[in-house]
Amino acid sequence: MAIRARDLARGAAQGTARRRPAQVAGFKSGNEMAALAASQINFHLMGYYPITPSTEIAELLDEMKAEGLHDIAMVPADGEHGAAGICYGASVGGGRVFNATSANGYLYALEQMPVQAGTRMPAVLDLVTRTVSGPLDIRGDHSDLYFALNTGWIVLLARDPQAVYDMNIIAVRLSEHPDVRLPVIVAFDGFFTSHQKRRVSFFPDRDPVQAFLGPRPDFPHALDPQRPITFGPYMNDPDLINNKYQLHLAMEAARRVLPELYAEWAELTGREYRTVDLYRMEDAEAAVFLLNSAAETAKDVADQLRAEGRKVGVISLNVLRPFPAEEIRRALRGVKAVLVGDRADSYGSCGGNLTHEVKAALKDDPENRTLVLSRVYGLGGLEFDPADARAFFEAALEAAETGRVAVPFDYHGASPAGSGQGLPPGLPPLDPEALRLPLVQVKEDPTGGPLQVEHAPLWAFRNRPGRIAPGHGACPGCGIFPSLDQFFRAISGDVVVLFQTGCAMVVTTGYPYTAHRVTYIHNLFQNGAATLSGLVEMFHERKRRGEIQVRDDFTFVMVTGDGGMDIGMGPAIGTALRGHRLIILEYDNEGYMNTGSQLSYSTPLGHMTSTSHVGSHQAGKWFHHKDTPQIMAACHIPYVFTAAQSYPEDLIRKAAKAQWYAQNAGPVYGKILIACPLNWRSEESMTTEILQAAVNSCFFPLYEIEKGKTRITYDPEALGKRVPVREWAALMGKTRHLLKDPELLSEIEAEVDRRWQRLKAMHEHPLL
């Protein structure tokens, strides 16, 4: 969209206000402006968890942190719920707190939102709006934003990157105002605003921002032993209703305070904001009412229609909570018809949340006769272009001219399926006999020892059909699919798979296509194991009742990775403890690769990711990697194993054991080290050498824990192949900086050796 003169004017000086601090012009995206504002605010702490499209904010701040450009403590959580808890705890500690999230990440944290508002703890959260799953869609609409409406948080809206910068700074003052003391969301459109660059103005250093903010007020906090305070006590009536009434009064105070802050910001910067943004509304007879970036598109079309002699205007909001009902009533009093566009539906209510709130506001105005049309548009990131805006204006103009609304509510841009259209065809079913070729024999040890496995030569496994077709969209050199192929060819019979969100899921199921030749289910990171456990129990129950006639050799496999055993750890442990007969298979690529190579808890100490940069003030990830196999082994499940893409025979033997235990005993967990050349910054041709070095350095030992007994299946020391961690680190771009930091490298080497020696002791002990 072209940059309009009015956009440039907003950044120019207005009138003859006091002398303002110098600003510089630039060309930046919304995420860049969010990170810039946060760095100049210099929050005490940011708790975060990666999710597209908000992740870039944490990446940019971490990059600045590595260069010493701010002092924010960056705390990576194990999920968005944990990130919200980190931020709440930090705010109780009396500091300035920041977070950023999107979509299902926000919903996962939603339970914490009323906690923070109900205890009146200031904070700022950037909600980079995105479609709420399912089905999974990473592009932008407002289905997450509308969940924020009843949490008690103030909600500011930022229609472009300039507003993202401004609103983030204003949000701190508003949140900390003594009459308000509520957390604030700054919401802006995913990808439309977060990633598109626009002309902006900003302060070149933090001094003017710090002067505008002033010191944080000395609210009661948890770090003063001379003033012990109880935060969040249990409340019965009438105290609870009084607490909520005080929250209501704080929200009402925000109505008064926000215009004052807007005026103060305008004096400082020359950029004016009002609670309701009105464009060409002075004599408008028809209008469209849109939020954020779509309103900017509509303004261009309003200019065109005005040139045609048609009286139209655009109304939008800079604040959604508290809802500016009185200002809306005044703005629409002379308008004959308004079309309210919602980028999310409130299903079954004939309109989205914005529609209903506008209608409710107008209902309280006896002088208003404005006709209201409602349209749901732009779901899943569907573009809203000038043609769409013109269609909205035309519908509003028609209602204004005829005095009636022909279609009160509808979707705009949808294509309903025909009556004869069913599910798109998948791949043809696999040959059941080929799935049961006798390639692997698993026998029980009569003395109760480990299972005995014999298998055919590796070449023979090509005769068993692959359960994932070659038509997927993985990056060149990705190790996920060679490893999954090895694993699935080693097990026989029918398989049902559940994939958690991650690279393996995203690149195999772009609708209407699929690369899966078996039944496939998806659920999000945080609940895959619980979902599959429900399916397993339904399988056994329907079999018991005689409702399904299938073979008994069904195998249920959950594929996880890209950090899924961080946010999904709790449900995985619950599934293990309940004893469901399934396999949890984790591919370990040492990061959240599907969202842009952020650090996960599987990322080793010192490794560089997009949220653990290397610079003069930071040396990569600052804590050691999670030992997931040992965590799952502590659940006392029948079988736990590790494997690597570069050791296929070891993986085949362990896959066969995993299937036997999952069918006959209980849950299995396996972790496979796989390569990610793109984000490891390595050559594809080096994959085998890199993986072997990881194993031979004892960073990733190959072992199994069978019925509680640990057995190392590949001992590089006994084979004379052990190498120092330095040799492994030298092979990847993400770790070469460690060669220049002998102290950090020694710390990594010491921890690797400690874990290896502990594993060897377990291997040698008859009970471990």
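The values are calculated or read from the model by the stated rules, or taken from the named source; none is laboratory data. Values in this document were obtained by computation on a predicted structure and should not be read as measured data. So basically every Cβ, Gly included, is an ideal-geometry build from the backbone, and we count neighbours across all protein chains shown. For the accessible areas, the whole protein counts, side chains as well, though only heavy atoms, and no ligand, DNA or RNA atoms are used. Shrake-Rupley method; radii C 1.70, N 1.55, O 1.52, S 1.80 Å.
Figures for the structure shown
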{"item": "Only one of E590, E537, E541 that is farther than 16 Å from Y669 by Cα and open to solvent by less than 50 Å² (accessible area, probe 1.4 Å)", "result": "E590"}
{"item": "Within region 102-144, tally of residues that are hydroxyl-bearing (S, T, Y) and open to solvent by less than 10 Å² (accessible area, probe 1.4 Å)", "result": "3"}
{"item": "Test set (1) surrounded by 24 or more Cβ atoms within 10 Å (Cβ to Cβ); (2) of a type in the set (A, V, I, L, M); (3) farther than 25 Å from C503 by Cα; (4) in contact with a strand residue (DSSP E or B) (Cβ under 7 Å, 6 or more places away or on another chain) - I86 fails condition number", "result": "(1)"}
{"item": "Test: residue in region 274-289 that is assigned to a loop (DSSP other than H, G, I, E, B), open to solvent by less than 40 Å² (accessible area, probe 1.4 Å), on the phi < 0 side of the Ramachandran plot and of a type in the set (F, W, Y)", "result": "no"}
{"item": "Region 91-112 - residue that is under 19 Å from A34 (Cβ atoms) and of a type in the set (A, V, I, L, M) and, of those, farthest from the chain's Cα centre (by Cα)", "result": "V97"}
{"item": "Close pairs from region 104-120: first more than 14 Å from Q526 (Cα to Cα), partner open to solvent by 10 Å² or more (accessible area, probe 1.4 Å) and charged (D, E, K, R), Cβ under 8 Å, at least 6 apart", "result": "G118/K244; R120/R181"}
{"item": "Number of the exception - D239 against (1) at pLDDT 95 or above; (2) exposed (fewer than 12 other Cβ atoms within 10 Å of the Cβ)", "result": "(1)"}
{"item": "Answer from L585, L524 - the residue that is of a type in the set (A, V, I, L, M, F, W, C) and more than 21 Å from D137 (Cβ to Cβ)", "result": "L585"}
{"item": "Some residue of region 336-349 being over 22 Å from L127 (Cβ atoms) and out of contact with any helix residue (DSSP H, G or I) (no Cβ under 9 Å at 6 or more places or on another chain)", "result": "yes"}
{"item": "Unmet criterion (only one of (1) open to solvent by less than 10 Å² (accessible area, probe 1.4 Å); (2) without any contact (Cβ under 8 Å) to a residue 60 or more places away in the chain) for F147", "result": "(1)"}
{"item": "Which listed residue is in contact with a Pro (Cβ under 9 Å, 6 or more places away or on another chain), touching a residue at least 24 places away in the same chain (Cβ under 8 Å) and open to solvent by less than 80 Å² (accessible area, probe 1.4 Å), from A396, A434", "result": "A434"}
{"item": "Pairs where the first residue, in region 156-171, is closer than 19 Å to G140 by Cβ and the second is open to solvent by 10 Å² or more (accessible area, probe 1.4 Å) and small (G, A, S), C-beta under 8 Å, 6+ apart", "result": "R159/S293; D160/S293; Q162/G11; Q162/S201"}
{"item": "Helices (runs of 4 or more DSSP H) completely within region 290-374 that count 3 or more residues being over 14 Å from V276 (Cβ atoms) and modelled with pLDDT of 95 or more", "result": "293-307, 353-363"}
{"item": "Residue check for S316: touching a Phe, Trp or Tyr at 6+ places or on another chain (Cβ under 9 Å), open to solvent by 20 Å² or more (accessible area, probe 1.4 Å) and in contact (Cβ under 8 Å) with a residue 60 or more places away in the chain", "result": "no"}
{"item": "Residue within region 752-760 that is assigned to a helix (DSSP H, G or I) and within 27 Å of L678 (Cα to Cα) present", "result": "yes"}
{"item": "Residue match in region 355-376 (condition: closer than 21 Å to S194 by Cβ and crowded, with 21+ Cβ neighbours inside 10 Å)", "result": "no"}
{"item": "Any strands (runs of 3 or more DSSP E) falling wholly within region 598-716 and containing at least 1 residues that are at pLDDT below 95", "result": "none"}
{"item": "Single condition Y520 does not satisfy, out of (1) open to solvent by 50 Å² or more (accessible area, probe 1.4 Å); (2) in contact (Cβ under 8 Å) with a residue 60 or more places away in the chain; (3) within 20 Å of N104 (Cβ to Cβ)", "result": "(2)"}
{"item": "Odd one out for A263 among (1) hydrophobic (A, V, I, L, M, F, W, C); (2) under 25 Å from I315 (Cβ atoms); (3) touching a residue at least 40 places away in the same chain (Cβ under 8 Å); (4) open to solvent by 50 Å² or more (accessible area, probe 1.4 Å)", "result": "(3)"}
{"item": "In region 623-656, residue farthest from D78 (Cα to Cα) [restricted to those that are open to solvent by 10 Å² or more (accessible area, probe 1.4 Å) and of a type in the set (K, R)]", "result": "R653"}
